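Have a look at the structure below, then the notes.
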Amino acid sequence: MFRKVAMPALGILFCAIAGFAQTSSLEGDVKGEDGAPLKGALIKIDREDIKGHYQVKTDKKGHYYYGGLPLGRYKVTLEVDGKDVDFVDKVQTHPGEPGVNNFDMQATAKKRQALNQAAQTGNLSKDQERAMSPEEKAAFEKANKEREKVMAKNKALNDAFNAGKEAANAKQFDVAVTQFAKASEMAPDQPVIWANLGDAEINLAKSKTGAEHDEALNKGMEAYQKTLALKPDDAGVHNNYALALAGAKKFDEAQAELAKAAQLDPPSAGKYYYNLGALLVNNGQSEPAGAAFKKAIEADPKYADAQYQYGIYLIGKASLGADGKYDPVPGTREAFQAYLELRPDGPFAESCKGMLASLSGSVDTSYQNPAAKKKTTKKN
C-alpha cells in the first residue's frame, strides 16, 4: 500500500524537476557614461525565436536580474531616459547559472567614437575588425563605399564651386557661369551656389547686348528665385534680385523685393533703397529714383550720398521766378546741407556748395545772340 502511494509522489517530483530545468535567468551590471553604476535603467528582454517580452530595472548598484525565463534565444536591450542606447542579441539561455550580460555606456561611447573615426578614414584596426560580427563588418564596408562616393562627389562639387569663385574674382563671368551651373547640378539644394550663379549671370549680362544680354539677365533672375525658394530670409539676395529686376525694367517688382530686403535687414535698408535709386537714375526713371532716395534717407538719415542724390532729384523740380531766382521745392536746401554736415570733405561737397549758392543768387535770363558783334567805343 505504501509503495502504491509513494510511486505517484515520485512521479510528481520528477515532473517538478523537469519543469524547473526548462527555465533560466539573465543578470548583469550597468555603468553609465561617467563609469558609475546606473540605477533605474530599463533592461528589455525580448525572445527572438518565439514571441516573448520581459523587462526589469537596475537596482541602486546598477545590477539587474531576471529569473524564470524560458529557455531560448533573446535580445537584451538597455534603455536610458526612454531611449535604446545599447543591446546584445542572440543570447542563448541555459538552465543553471544565470547568463551574464553587462553594459558599460562609457566603454560603448569610446568604441563608437573609435568606429566613427575609422569610418572617416575607412580603416579598421585589427581589434575592431575581430570584435565585429559578419553583419557588422558587411555594414561597415557598405558604409565605407558610400562614404567614398560622397567624398568623390564633394570633391567634384568643391572643385566646381571654387573654380567658379576664382573665375568671378577674375571677372571671367562666362567661366564662372559654367562652373556654378555645374555645381548646381551636383547640389541643387544649396542656396549659396544658386546665389553665386545668379551674380555671375547678371555680371555676364552687363557685357552682352541684344538677345544674349536678355538671356543672361533672365537666367540670373531665375537663379535668384531658386536661391530665395531655398532661403527666403536672405536680404542680400532680395537686394540683388531687385537690382536685376530693375535692369529688366520691372520696377514695381524691384521695389517689392527691396521692401523685403529692408524688412529682413533694417540696418541696411538705406543701402538697399539707395542702390535702387542709383539704378533707376541710370535707366532715366527720375520719379521712382527720387522716391527710392527718399526712402533711403528715411531708413538712414545719416546716409550722406542718399541726401545728395535726393537733393539733385529735388533741384530738378525748382522753378525760376520772375526775379530770376530759383524757387526750390521744400527739402532741397536741407538735403544739400545735410550732406555737407555729414561729409564736409566728401566727393560731392563742392557740388553741394555750388547748388546752395545758386539757390541763394539770381540767374541772368536775358538772351544774347552769340553771333552778334560786340560794341566798341572809339578812342579820341
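Points to keep in mind about this one:
- Pair list, Cβ under 6 Å, 6 or more apart: segment 319-332 residue at positive phi and surrounded by 12 or more Cβ atoms within 10 Å (Cβ to Cβ), other residue outside any strand (DSSP E or B) and at pLDDT below 90: GLY324/VAL363; GLY324/THR365
- Answer residue from segment 42-59, given it is hydrophobic (A, V, I, L, M, F, W, C) and modelled with pLDDT of 95 or more and is nearest to the chain's Cα centre (by Cα) among those: LEU42
- Against the criterion of being more than 17 Å from PRO288 (Cβ to Cβ), surrounded by fewer than 23 Cβ atoms within 10 Å (Cβ to Cβ) and either at pLDDT below 95 or not assigned by TED's automatic domain parsing to the domain that holds ASN196 (or both), GLY236 qualifies.
- Condition broken by LEU279, with the remaining ones in (1) hydrophobic (A, V, I, L, M, F, W, C); (2) modelled with pLDDT of 85 or more; (3) under 34 Å from the mean Cα position of the chain (by Cα) satisfied: (2)
- Checking each residue of segment 70-77 against the condition of being crowded, with 16+ Cβ neighbours inside 10 Å and modelled with pLDDT under 70 gives no match.
Residue-by-condition table, conditions (1) in the same structural domain as ASP49 (by TED's automatic domain parsing); (2) farther than 25 Å from ALA41 by Cα; (3) modelled with pLDDT under 95; (4) of a type in the set (Gly, Ala, Ser):
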position	(1), (2), (3), (4)
GLY67	yes, no, yes, yes
LYS83	yes, no, yes, no
LYS111	yes, no, yes, no
ALA143	no, yes, yes, yes
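- Among the residues listed as LYS271, LYS231, the single one being buried (at least 16 other Cβ atoms within 10 Å of the Cβ) and touching a residue at least 24 places away in the same chain (Cβ under 8 Å): LYS271
- For segment 17-36, the set of residues classified as crowded, with 16+ Cβ neighbours inside 10 Å and not in a loop (DSSP other than H, G, I, E, B) consists of SER24, SER25, LEU26, GLU27, GLY28, ASP29, VAL30, LYS31, listed by residue number.
- Candidates are the residues of segment 239-263 that are touching an Asp or Glu at 6+ places or on another chain (Cβ under 6 Å) and free of Cβ contacts under 8 Å to residues at least 40 places away in the same chain; the one that is surrounded by the fewest Cβ atoms within 10 Å (Cβ to Cβ) is LEU245.
- Residue among LEU78, LEU69 that alone is within 43 Å of the chain's Cα centre (by Cα) and either closer than 19 Å to GLN106 by Cα or assigned to a strand (DSSP E or B) (or both): LEU78
Quick grid of which residues meet (1) modelled with pLDDT of 90 or more; (2) closer than 30 Å to ARG112 by Cβ:
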{"position": "ALA138", "(1), (2)": "no, yes"}
{"position": "LYS165", "(1), (2)": "yes, no"}
{"position": "VAL177", "(1), (2)": "yes, no"}
{"position": "ALA183", "(1), (2)": "yes, no"}
{"position": "ASP189", "(1), (2)": "yes, yes"}
{"position": "ASP199", "(1), (2)": "yes, no"}
{"position": "SER207", "(1), (2)": "yes, no"}
{"position": "ALA242", "(1), (2)": "yes, no"}
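- Verdict on MET151 being at pLDDT 65 or above, surrounded by 15 or more Cβ atoms within 10 Å (Cβ to Cβ) and not aromatic (Phe, Trp, Tyr): no
The values are calculated or read from the model by the stated rules, or taken from the named source; none is laboratory data. Bear in mind that the values here come from a model prediction, so they are computed numbers and not experimental data. Reconstructed Cβ throughout: ideal geometry from the backbone, glycine too, with neighbour counts over all protein chains shown.
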